[in-house]
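> First the structure, then my questions, so here it is.
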Amino acid sequence: MEPHSLRLVMYGLAVVVASAILLLQNPVVASTHECDFGGIFNFGDSNSDTGGLSAAFGQAQSPHGESFFHAPAGRYCDGRLVIDFIAESLGLPYLNAYLDAVGSNFTHGANFATAGSTIRPQNTTLHQSGFSPISLNVQWYQFNDFHRRTQIFRQKERIFQELLPKPELFSRALYTFDIAQNDLTAGYFLNMSTDQYIYGQGGRSFWIHNTAPVGCLPYILDRLKITAAQVDKAGCAAPFNDVAQYFNRKLKEVVVQLRKDLPLAAITYVDVYSVKYSLISQARKHGFKESLRACCGHGGKYNYNMHIGCGGKIKVHGKEVLVGKACEDPSVWINWDGVHYTEAANKWVFDHIVGGSFSDPPTPLKLACHRH
């Protein structure tokens, strides 16, 4: 990854975070009192998409959702994601996707993440590359429009007051970010010019995940050329993890600078990489039997086939036959479909980050509204 390209990616993320606080004048202060988060606004990719891509391009098919929702629920997982566990821990309902017009309630926030999203816009279609056209800047445009229009509609009819957030939610909410994995796997970056983003919309509290060890994902291990010398003791592709770690170091530098530039903000950097790598590299110690193979897939060393994914079917004698089946017990598998984690793995990751031991500053989730 070239330094200039990385700077562009970092700039894209930084300006999104930066704009959210400019509308507020009251600074957050250090405190031991639990935060009263009234909701969550989330930005990201498939690691936190609760239905955005499904609403735009068709529902994630069965067996997605089987372990918890018992039906497809817009998530590329057998159940809940880390963002779902965050919502649960704060006593909030699961986030509805901004793009999902059917049955959604946004009184406690909205989810702008879509599977396949990148920080930098990609110049290909979803069909061509697998990357979503709803990149981080588009998610910002959606949030900005959502902020403005919800307050207009709340004043029109009572029904909208029961479905849309109150004005004060935008300053009380937790803003979460989990995006960049696809930028690393896309292999190229495009230039983008943006204005100051969420900081200017009133956001105060930010919970930013760094990117995970992409070199441990089946779709990387299966599709890209990796020599034996490049495989580490955990079975992961070291060069791809090196890129992820380099990205994370630069991301942390950006966060440190943002704290200086945006004194009204409480910004927590969460080292998800270390948590996930620990889980994968010591899977059996943590109660998991499979670390690198996909639970739901078809064939190959990693039970991953880019042409026949989770829930995939083939025609045999004119009849469709399901071959992309789920494993018998996803709770002991770390990887769900070659790209995403199982609910059990997501819960394990959440349990290890919620207390703040992998955060900078070491702030528990429920204190993330306070500056340190």
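The values are calculated or read from the model by the stated rules, or taken from the named source; none is laboratory data. The structure presented is a predicted model; accordingly, all values stated were derived computationally and were not measured. Here the Cβ positions follow ideal geometry from the backbone for every residue, glycine too, while neighbour counts run over all protein chains shown. When the accessible area is computed, the model is the full protein with side chains, heavy atoms only, and any ligands, DNA or RNA have been set aside. Shrake-Rupley method; radii C 1.70, N 1.55, O 1.52, S 1.80 Å.
> Of all residues in segment 115-137, how many are under 14 Å from Y98 (Cβ atoms) and either in contact with a strand residue (DSSP E or B) (Cβ under 8 Å, 6 or more places away or on another chain) or at pLDDT below 75 (or both)?
So the count comes out to 2.
> Is at least one residue of segment 126-144 open to solvent by less than 40 Å² (accessible area, probe 1.4 Å), part of a loop (DSSP other than H, G, I, E, B) and touching an Asp or Glu at 6+ places or on another chain (Cβ under 8 Å)?
Checked against the condition, which is being open to solvent by less than 40 Å² (accessible area, probe 1.4 Å), part of a loop (DSSP other than H, G, I, E, B) and touching an Asp or Glu at 6+ places or on another chain (Cβ under 8 Å), segment 126-144 yields at least one hit.
> If I ask for residues that are among the small types (G, A, S), at pLDDT 95 or above and open to solvent by 30 Å² or more (accessible area, probe 1.4 Å), which ones from segment 63-103 would you list?
Passing the criteria: S67, A71, S89, G91.
> Follow-up question, since we're still on this one. Can you find a residue in segment 337-359 that is in a strand (DSSP E or B), among the polar types (S, T, N, Q) and under 23 Å from Y219 (Cβ atoms)?
Looking through segment 337-359, none of the residues is in a strand (DSSP E or B), among the polar types (S, T, N, Q) and under 23 Å from Y219 (Cβ atoms).
> Run P218 past the list (1) at pLDDT 95 or above; (2) under 30 Å from G356 (Cβ atoms); (3) crowded, with 18+ Cβ neighbours inside 10 Å and report the number of the one that doesn't hold.
(2)
> Which members of segment 272-290 meet the condition of being open to solvent by 30 Å² or more (accessible area, probe 1.4 Å), closer than 15 Å to G215 by Cβ and either of a type in the set (A, V, I, L, M, F, W, C) or over 20 Å from the mean Cα position of the chain (by Cα) (or both)?
Selection gives S281 alone.
> Determine whether R293 is touching a strand residue (DSSP E or B) at 6+ places or on another chain (Cβ under 8 Å) and basic (K, R). Spell out how you get there, then give the answer.
Values: touching a strand residue (DSSP E or B) at 6+ places or on another chain (Cβ under 8 Å): yes; basic (K, R): yes.
It is true that R293 is touching a strand residue (DSSP E or B) at 6+ places or on another chain (Cβ under 8 Å) and basic (K, R).
> Can I ask one more? Which of the numbered conditions does Q59 fail, given that it passes all the others? Conditions: (1) assigned to a loop (DSSP other than H, G, I, E, B); (2) at pLDDT 95 or above; (3) not β-branched (V, I, T).
(2)
> Could you please give the count of residues in segment 275-329 that are free of Cβ contacts under 8 Å to residues at least 12 places away in the same chain and touching a Pro at 6+ places or on another chain (Cβ under 6 Å)?
Of the residues in that region, 0 qualify.
> Which is of a type in the set (V, I, T) and over 16 Å from the mean Cα position of the chain (by Cα), of V138, V102, V82?
Numbers: V138 fails: over 16 Å from the mean Cα position of the chain (by Cα); V82 fails: over 16 Å from the mean Cα position of the chain (by Cα).
Every option except V102 fails the conditions.
> To continue, here is another question. Would you pick out the residues in segment 172-204 that are at pLDDT 90 or above and either among the polar types (S, T, N, Q) or assigned to a helix (DSSP H, G or I) (or both)?
Result: R172, T176.
> Of everything in segment 85-99, what is within 15 Å of the chain's Cα centre (by Cα) and over 20 Å from C369 (Cβ atoms)? Give them in sequence order.
Answer for segment 85-99, where residues must be within 15 Å of the chain's Cα centre (by Cα) and over 20 Å from C369 (Cβ atoms): Y94, N96, A97, Y98.
> How many residues does segment 203-231 contain that are of a type outside the set (V, I, T) and without any contact (Cβ under 8 Å) to a residue 24 or more places away in the chain?
Residues flagged as of a type outside the set (V, I, T) and without any contact (Cβ under 8 Å) to a residue 24 or more places away in the chain within segment 203-231 amount to 5.
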